[in-house]
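Any read-out appearing in this document is the output of simple, stated calculations on the displayed coordinates, not a laboratory observation. Keep in mind it's a predicted model, so treat the numbers as computed, not measured. Quick reminder, even Gly has a Cβ in these numbers, built from the backbone with ideal geometry, and neighbours come from all protein chains shown.
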Amino acid sequence: MSADLTTQALKAVELAKAAGADEAAASINQSRDVTFEYRDGALEKVKDTTSQGLGIQVYAAGRYSSHQTTDLNPERLTSFVSEAVAITRALEPDEFRQVTPEELFANRPDVDLDLVDASVADISREQRLAWCEALDAVATDHEKVISATAGVYDGSSQSASVSSNGFSGTRQSTYCWYGSEITLRDQGDKRAEDSFYVGGQHIETLPEASTVASTAMQRVLSRLNAEKGPTVKAAMVVDSRVAGSLIGRLLGPANARRVQQGQSYWAELVGEKAFSDKLTIIDDPLIKRGFSSRHYDNEGISAKVIPIVEGGVVKNLYVDTYYGRKAGMAPTTGSSSNRRLATGDKSLAELLSDVGDGVYVTSWLGGNADNTTGDFSLGIRGHMIENGEIGRPVGEMNVTGNLRDLFSRLEMVGNDVYPYSSTLSPSLVFAGVDFSGV
Amino acid sequence: MTIKRRDFLSTVAAGSAIVTLPGFLSGCGVQTATAIASATPENPFMEWFGVDQAVAARVMSELTSRGADTADLYFQHTRSNHLTLEDGIVSKANSGIEQGVGLRVVIGDQTGYAFTEDLTLASMLAAARTASAIASGSRVVTPQSFNPLESGDLYTTSVPWADVGVDQKLPVMKFIERTAKSRDLAIEKVAVYWADADERVMIATLDGKLVTDHRPMARATVVVTAKKGDETQTGYANIAAREEFSWFSEDRLTTMIDEAVDRTMIQFEAIRPPAGEMPVILASGASGILLHEAIGHGMEADFNRKGTSIYSDMIGKKVAEPFVTVVDQADIPRERGALNYDDEGNKAGRTVMVENGILKSYLHDQISAAQYGIAPTGSGRRESYQYSPMPRMSCTFMEDGPHTKDEIIAAVDHGIICETYTNGQVQIGAGDYTFYVKNGWLVEGGKVTAPIKDVNIIGNGPESLKRITMVANDARLDTGGWTCGKNGQSVPVSQGIPTVLVSNMTVGGENVS
């Protein structure tokens, strides 16, 4: 199948060359995705699809454009590609737009990333239903349940990419996720709701469905009777499950595009001790069974481990070939893979105990950050930390500050890495954070 | 470039929904040069998709061979174009074609769904068999042919985007860049992003309707970066509509450019407001984000039929002062959220959600309407052929009230005005919602004082509705390119509001003692 996809991608590159492109790169993708959703004792939704698509990048007369289509009819594909070349010629020339040079795709690693579980293709309708029923049984077994939806999501994808200057690669992976979303009757008209899902490339790594549903149930039960917390400057403990989102905001402008466009507070930070020495973030594409593991990135650059921050010192930014050339920075990769954070030796309970009083954040609600200045303001839900333990549930609060300043006040990191994410982060403890509430 | 992966688990929390302004359109479309007289046997849409009445009837028959209450075939072809101007040159283009057919069969509240990008009979029949597996009953009677409904005229255009070349768009983008740069010596960079799309949709339904719609969409965005001393600030503005090229007049573009420059330069003087509870004035226009998050999502009937929305038991009850009327309306010509027909083939129109303070109607798709025993409100929407429809908003706004903007400002002793926004989110069951304020103002002693920036505001939907104590007479829809996300599906929406006062909300701020 991969060989077939490679042939199709090569054909697209040949079409582009024939239409006048100097260089071209193409990818073909195929996927199968199955969804089972089960609500209140009955199957509610079954979705079973196969999908395909082609992407092509064209370099002609010092100009560049990219295109994608789901219509692979050979005749229409030919006119699609020649039109793509014509569009390219209508643009302005740009010396920095060049096909990925060969030296960047040399020495591609070939370590087995173990991203395929062949048994995913054989998951039966009965198996999916059995998972749904096991999830549902736990969730509906409670007097306050209004509604519970169990979901099973599995599938596979494969792609082949080639370029006119010799790049050729294929990727394949499978996935299987399941979990529950539960709504409970709360005070007045309010409903408490929460969810928990687990997933991975391999079925064998997943916890029992009933365990997953129990976790979802515990999470939503802990939300009952939540109230608005205080306006206070306090310590913030960010649960490992939602730390990845905060790391994502921190790193949002940590790339050559933002820096070159003057829209990044990371611009002058490379080589600087910008953050707390507790902060270490490594971009690692070679983790076995990692959610974003890969042998090459979307430009074809060979995968390697890239330290972004080590002990608070900024080591590298995400640099693609185009903005790297423009900004005079050597390319690393333009797109993140897995992000590994340094861990500490304390459990969440020990972190909470050390903190004593503060706010324990278990989910975010909206909010944003300014990439240029790092100023942020985020909605939160969670619990008050009282006498070193998880206290009353709170919500309808904001946390506000500046990302660089916040991460300079990272005081502790836990040992409790959340596994179901491509950002492998422990719980994080920050000092002196501004909360707004009552 | 890659096919959309399953990313819902990492991005959307349970029961939540998000509205954002992404960098680019997520798809949309246009109209061919001539208005289509669809009541012809040789439907041009059928020709476009290479499907005739017999093929559609054959696929519908297979789709419903194990039973169905309702079923539909959703054919879609979208051609989109993007252009990027950075550092003075337009050196990046992107175009995309999304084509496929989604096949849906519904029994009660159970849905079977499949799609294929390959519009051959064999592929469509295979997908139909897959979708039909949800059912276990017996074959239903299906139409021999489908009756074309009259085309809508909300966004008819004379020139399709397919006929507008890069050479025509380039000078417009250069004009935007040049004009923005000329506004202030501190402006170091200007980026311009262009997006347009032609979308064709054809829906064949089990009850024998054939609905066709040409949906144009276009958006221009300008991003301004300025530097004073060591400080850099970025701001942006955009305009979007179901429009054609001539809509992007110099006047309209200049208004957008001036907004982007003003929003950027004011940030050099702006401060963070104090943190905590205070009165909040929402300026007219984009502040409609309040309605989208505080009430709109909670009124989508899929949540209510499951009982998971905080509004599930409130129909007929007083939820706001008598001068508060909140509407979702799809038939507003050329608005970004406008629709002739929804994505289930029902006529899209006006739904009054709150009338004179009383909660009136949810937004229904066919599944919820059947469960409530009422007609659908034409609110069934989907991102593309890859998704089954669900109740969504279109253009959501509040009607004029009895007060004036000046009266509202004068009534606030210590609070803020919110003016521009980047995004919002809501928790459906608890009713907590947020929006992020990019620009605003402090109000002290009934007067506007210092500019503020970058604060999240959080409130509770029903509580905030009750706390709308003043509504001005200056309602307008925002022209910005809003996109709403729900359960992993993005659709274009519009929002608007007059100036209103919410007597108490929680403002994210700094300098907490």
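Treat every Asp and Glu Cβ in segment B:12-268 as -1 and every Lys and Arg Cβ as +1, leave all other atoms uncharged, and give the resulting dipole magnitude about the Cα centre to the nearest 20 debye.
420 debye
Using a 10 Å cut-off around each Cβ, can you sort B:His403, A:His67 from fewest to most neighbouring Cβ atoms?
So the residues, fewest neighbours to most, are B:His403, A:His67.
Go ahead and run the numbers for FRET between A:Ala327 and A:His295, Cβ-Cβ distance against an R0 of 30 Å, rounding to 0.05.
The pair A:Ala327/A:His295 has a calculated efficiency of 0.70.
Kindly flag which residue pairs out of A:Lys11/A:Lys304; A:Lys17/B:Lys92; B:Lys318/B:Lys438; B:Lys92/B:Lys189; B:Lys209/B:Lys317; B:Lys318/B:Lys453 have an alpha-carbon separation exceeding 26 Å in this structure.
A:Lys11/A:Lys304; B:Lys318/B:Lys438; B:Lys209/B:Lys317; B:Lys318/B:Lys453
Output the 0 to 90 degree angle, nearest 10, between the alpha-carbon long axis of helix A:240-251 and the longest principal axis computed from the alpha carbons of chain A.
Helix A:240-251 sits at roughly 50 degrees to that axis.
Under the classification rounded if a/c is under 1.5, otherwise prolate if a/b is larger than b/c and oblate if not, where does chain B fall, given a ≥ b ≥ c as square roots of the Cα gyration tensor eigenvalues?
oblate
Pop out the ³J(HN,Hα) list for segment B:435-440 in order, Karplus 6.51 cos²θ - 1.76 cosθ + 1.60 with θ = phi - 60°, rounded to Hz; leave Gly and Pro as x.
Residue by residue, segment B:435-440 yields 9, 9, 8, 7, 10, x Hz.
Among A:Val319, A:Ala349, A:Gly395, flag the residue with its Cα farthest along the positive direction of the charge dipole of segment A:290-438, charges on Cβ as +1 for Lys/Arg and -1 for Asp/Glu.
Checking the options against the dipole of segment A:290-438, the answer is A:Val319.
Suppose only helical runs count, i.e. DSSP H with n ≥ 4. What mean residue ellipticity at 222 nm does that imply for the protein assembly as shown under -39500 (n - 2.57) per run, divided by all residues and rounded to the nearest 500 deg cm²/dmol?
-6000 deg cm²/dmol
Can you tell me which of A:240-251, B:128-139, B:494-505 comes out highest on packing, and rank the rest after it, using the mean Cβ neighbours within 10 Å?
The most tightly packed comes first, giving B:494-505, A:240-251, B:128-139.
Mind running the shape call on chain A? Use the C-alpha gyration tensor, a ≥ b ≥ c as the square roots of the eigenvalues: rounded below 1.5 for a/c, prolate if a/b tops b/c, oblate otherwise.
Oblate, since a/c reaches 1.5 and b/c is not below a/b.
Using only Cα atoms, find the angle between the long axis of helix B:166-182 and the longest principal axis of chain B, and express it within 0 to 90 degrees, rounded to the nearest 10.
Helix B:166-182 sits roughly 10 degrees off the main axis of chain B.
Arrange the following residues from fewest to most other Cβ atoms within 10 Å of their Cβ: A:Ser31, B:Ser158.
The order, fewest Cβ neighbours first, is B:Ser158, A:Ser31.
Can you give me the long-range amide H partners of A:Ser147? Hydrogens built in the peptide plane at 1.01 Å from N, cutoff under 5 Å, separation of 5 or more residues or another chain.
Here the answer is A:Thr183, since their amide H atoms fall under 5 Å of that of A:Ser147.
Report, as an integer, the average count of C-beta atoms from other chains found within 10 Å of each Cβ along B:98-108.
2
With a cut-off of 8 Å between alpha carbons and a minimum separation of six or more residues, what is the relative contact order of chain A in percent?
For chain A, the relative contact order is 15 percent.
What is the helix-to-structure angle for A:74-89, meaning the angle in degrees between its Cα long axis and the longest Cα principal axis of chain A, kept from 0 to 90 and rounded to the nearest 10?
90 degrees
Explain nothing, just compute: Karplus ³J(HN,Hα) = 6.51 cos²θ - 1.76 cosθ + 1.60, θ = phi - 60°, for every residue of segment A:352-357 in order, whole Hz, x for Gly and Pro.
Ordered by residue, 3J(HN,Hα) equals 4, 5, 5, 5, x, 10 Hz.
Sort B:Met299, B:Met265, B:Met278 so that the residue with the fewest other Cβ atoms within 10 Å of its own Cβ comes first and the one with the most comes last.
The most exposed by this proxy come first: B:Met265, B:Met278, B:Met299.
Taking amide H positions as placed in the peptide plane 1.01 Å from N, state which residues far from B:Asp474 in sequence (5 or more) or on other chains have amide H under 5 Å from it.
Those lying under 5 Å, H to H, from B:Asp474 are B:Gly401, B:Thr499.
FRET efficiency for A:Ala86 and B:Glu231, Cβ-Cβ distance as r, R0 = 51 Å, nearest 0.05?
The formula returns an efficiency of 0.70 here.
Among the listed pairs A:Lys190/B:Lys347; A:Lys190/B:Lys360; A:Lys190/B:Lys405; A:Lys190/B:Lys486, give every one whose C-alpha distance is greater than 26 Å.
Listed pairs above 26 Å: A:Lys190/B:Lys347; A:Lys190/B:Lys405.
Mean separation of Cα pairs under 8 Å and 6+ residues apart, divided by the residue count of segment A:87-238: what relative contact order is that in percent?
That works out to 22 percent.
Taking amide H positions as placed 1.01 Å from N in the peptide plane, with prolines and chain starts having none, which residues 5 or more places from A:Gly229, or on another chain, fall under 5 Å of its amide H?
Sorted by chain and number, the residues that satisfy this are A:Gly395, A:Val438.
Using Cα centres only, tell me the gap between segment A:206-284 and segment B:351-422 in whole Å.
Using only Cα atoms, the two centres lie 32 Å from each other.
Considering only the other residues whose Cβ falls under 9 Å of the Cβ of A:Thr49, what net charge follows from Lys and Arg at +1 and Asp and Glu at -1?
Residues near A:Thr49 contribute 0 overall.
Pull out a ≥ b ≥ c, the square roots of the eigenvalues of the alpha-carbon gyration tensor of the protein assembly as shown, then state rounded if a/c is under 1.5, prolate if not and a/b is larger than b/c, and oblate in the remaining case.
Rounded is the answer for the protein assembly as shown, as its axis ratio a/c remains below 1.5.
Which whole number gives the average, over all residues in A:248-260, of C-beta atoms from other chains lying within 10 Å of the residue C-beta?
Shielding by partners across A:248-260 averages 1.
Taking GluC sites (Glu not before Pro) that fall in a DSSP loop and have at most 13 other Cβ atoms within 10 Å as cut points, what is the longest piece of chain A between them?
No qualifying site falls inside A:273-438, the longest such stretch.
Of A:Met217, A:Val305, A:Ile182, whose Cα points farthest to the positive end of the dipole of chain A (charges on the beta-carbon: +1 Lys, Arg; -1 Asp, Glu; origin at the Cα centre)?
Sorting the options by dipole projection puts first A:Val305.
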